[in-house]
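Below is one structure; the comments refer to it alone.
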Amino acid sequence: MRNVNRVFRTIVIASAVALVSIAVHGTTIRLTADLKASAEVPPKDSAGTGTVTATLDTETNEFKYHIEFRGLTGPVVAAHFHGPAVAGANAKPQLPITTRPITGPIDGKAILTPEQAKDLVDGNWYFNLHTSANPGGEIRGQILKSE
């Protein structure tokens, strides 16, 4: 009976250590944004639409993103993740898309600073695409956690 108790205690302790170890490691947060002209500040008149799907690894602050778009007034001349800003407010670029030409879909990754990662997770980043007809931005979407 003593050996059974030891085995049971060993299993319980090992399980507790494993759970603590899992809790210490980062998690992956999923993020999304719907890109539309009405979300630009000020709103634009465009049939353009798009989506951003992304993940953030909270241990490494690695941010991976996938962006699709269609129906813009012309070629994309610039694209950025901006922040910190709530919906309806503008902010400076935090992460520019540097590939040229900018065509869809766009896939990329970056290591964010702790402050950038916090702003992103808190919903204070947005993404927008700029065209010649709309140099301030044609479509935009606030990046939010997805379920």
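Taken together, the values in this text are just the output of simple stated rules run on the coordinates, not laboratory data. The model shown is predicted, which means the values in this text are computed figures rather than measured ones. Cβ: placed from backbone, ideal geometry, glycine included. Neighbour counts: every protein chain shown.
Sequence-ordered 3J(HN,Hα) estimates for region 117-123 from the Karplus curve with 6.51, -1.76 and 1.60 and θ = phi - 60° stand at 4, 5, 4, 4, 5, 7, x Hz, glycine and proline given as x.
Amide H contacts for A78 (H built 1.01 Å from N in the peptide plane; partners 5 or more residues away or on another chain; cut-off under 5 Å): H130. Projecting the Cα atoms of Y65, G50, N90 onto the dipole axis of region 26-145, where Lys and Arg carry +1 and Asp and Glu carry -1 at the beta carbon, places G50 farthest toward the positive end.
Tell me the net charge near S146. Cut-off is 12 Å between Cβ atoms, S146 excluded, with +1 for each Lys or Arg and -1 for each Asp or Glu.
Numbers: positive: R30, K145; negative: D34, E147.
Cβ neighbours under 12 Å give a net charge of 0.
Taking only the alpha carbons of region 88-147, we obtain Rg and Dmax values of 12.6, 35 Å in that order. Amide H contacts of R140: K36, A37, A39, E40, each under 5 Å away and 5 or more positions distant or on a separate chain (H built 1.01 Å from N in the peptide plane; Pro and chain starts excluded).
Computed about the Cα centre, the dipole magnitude for region 78-144 is approximately 120 debye when only Lys and Arg (+1) and Asp and Glu (-1) carry charge, each at its Cβ. One quarter of the convex hull surface built on the alpha carbon atoms of region 26-145 amounts to 6.2 nm², the projected area averaged over directions.
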